[in-house]
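The values are calculated or read from the model by the stated rules, or taken from the named source; none is laboratory data. Not measured: the values here are computed from a predicted model. With ideal geometry, Cβ positions are generated from the backbone for all residues, glycine too; neighbour counts draw on all protein chains shown. Ligands, DNA and RNA are stripped out before the accessible areas are found, and what is left, the full protein with its side chains, is counted by its heavy atoms. Shrake-Rupley method; radii C 1.70, N 1.55, O 1.52, S 1.80 Å.
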Amino acid sequence: MLDVNTQNLDQRRALLLNGDFRPMSVSPLATLSWEDAISGVLSDRLTVVAEYDDCEVRSARRSFRIPSVVASREFVNLSRPAPKTRWNVILAYRFTCAYCGASRLPVEDLTFDHVIPRSRGGPSTWMNIVLACRPCNEHKADRTPAEAGMPLLVKPHHPTKAKLNALALRHLDHKASLHRDWVDYLYWDTRLED
């Protein structure tokens, strides 16, 4: 049984990094519970990169500081294609309508448009889905872009997980609420201040 020396232990999560010390996932942010982080370290699957200063757990024989950042001992290839989810499509097209170019639209004003309509056999794949604002989607209706006179401003594409991670970092708007140990690993490629 572990003796816990901290308050709010359930809020102590560890940021999970890939073997190259980049975030495993940004959207959603890849984190582990403190129990899973310690278990991964003890089973030699994870390496501790940083620890919380103010909390530890103790067993009868050992004490452990709670990891705040851990890295996988194995490299996971993030250049593989990303899964098609609603959030990934929104990120891939950067909150921007593929028809009129309206950008930074709120999520509730965005729709998913099948370039070749489903009623005409268009598949629900990355190569046939784009993001559209409501007015453009309603105007296009059950037609192809050519039939509606609405050329696509972007080509449908299938992004990689790494590309979506990079895009998600741009939209991570709660930087101030992130643990200080996490910021350096989430924003490792941002310009250093003078």
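Overview of results
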item	result
Residue match in the stretch 74-88 (condition: more than 30 Å from Leu110 (Cα to Cα) and in contact with a Leu (Cβ under 7 Å, 6 or more places away or on another chain))	no
Val41 vs. criteria of a type in the set (A, V, I, L, M) and either touching a helix residue (DSSP H, G or I) at 6+ places or on another chain (Cβ under 9 Å) or part of a strand (DSSP E or B) (or both)	no
Members of the stretch 80-121 that are open to solvent by 50 Å² or more (accessible area, probe 1.4 Å) and over 22 Å from the mean Cα position of the chain (by Cα)	Cys100, Ile116, Arg118, Ser119, Arg120, Gly121
Residue within the stretch 117-136 that is within 21 Å of Thr160 (Cα to Cα) and of a type in the set (D, E, K, R) present	no
Which listed residue is modelled with pLDDT under 95, within 18 Å of Val183 (Cα to Cα) and not charged (D, E, K, R), from Leu78, Leu29, Leu42	Leu29
Of residues in the stretch 40-64 being of a type in the set (Gly, Ala, Ser) and over 20 Å from Pro23 (Cβ atoms), the one surrounded by the fewest Cβ atoms within 10 Å (Cβ to Cβ)	Ala60
Residue among Ala102, Ala148, Ala92 that alone is under 30 Å from Val76 (Cα atoms), of a type in the set (Gly, Ala, Ser) and touching a helix residue (DSSP H, G or I) at 6+ places or on another chain (Cβ under 9 Å)	Ala92
Residue tally, condition modelled with pLDDT of 65 or more and of a type in the set (Lys, Arg), over the stretch 169-183	2
